[in-house]
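Q: My questions all concern the structure below.
Here, each number is a calculation from the coordinates, and none is a lab measurement. Just so we're clear, the structure is a prediction, and the values are computed from it rather than from any experiment. Cβ atoms come from the backbone with ideal geometry, glycine included; neighbour counts cover every protein chain shown.
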Amino acid sequence: MADNRRSKLITQGVARSPNRAMLRAVGFRDGDFDKPIVGVANGHSTMNPCNAGIQPLVDRAMAALEAAGAKPQVSPRR
């Protein structure tokens, strides 16, 4: 996936060193800064049967984005 136009605005250059430091703290590696960062919304909840089945869909979306060369990000499971 070559289109990193928006993500590089927050990851590239000396002025973005603090951004890269924060992203490294959550698991980014050197090569990840060249990938598009894609946010994945996740409404999974074990409190409601309507949302209990969402996590497998999120997992598949995350895997597909990674396979396409993106760096997907989602809020952590609780």
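Q: To the nearest 20 Debye, how big is the dipole of the chain about its Cα centre, given +1 on the beta carbon of each Lys and Arg and -1 on that of each Asp and Glu?
A: So the dipole magnitude of the chain works out to roughly 220 debye.
Q: Another question, if that's okay. When the helix-only estimate is applied to the chain (DSSP H runs of n ≥ 4, each -39,500 (n - 2.57), divided by the residue count), what is the mean residue ellipticity at 222 nm, nearest 500 deg cm²/dmol?
A: So the calculated ellipticity at 222 nm is -10000 deg cm²/dmol.
Q: Right, next: Hey, if you put +1 on the Cβ of every Lys and Arg and -1 on every Asp and Glu Cβ in region 5-78, which of Gly69, Ile37, Leu57 ends up farthest toward the positive end of that dipole?
A: Of the listed residues, the answer is Ile37.
Q: Quick one: length gained pulling Glu66 to Val26 fully straight, 0.36 nm per residue minus the C-alpha distance?
A: 12.8 nm
Q: Here are several values of volume of the Cα convex hull per residue in Å³: (1) 81; (2) 72; (3) 95. Which one was derived from the coordinates shown?
A: Calculated volume of the Cα convex hull per residue in Å³: the matching label is (3).
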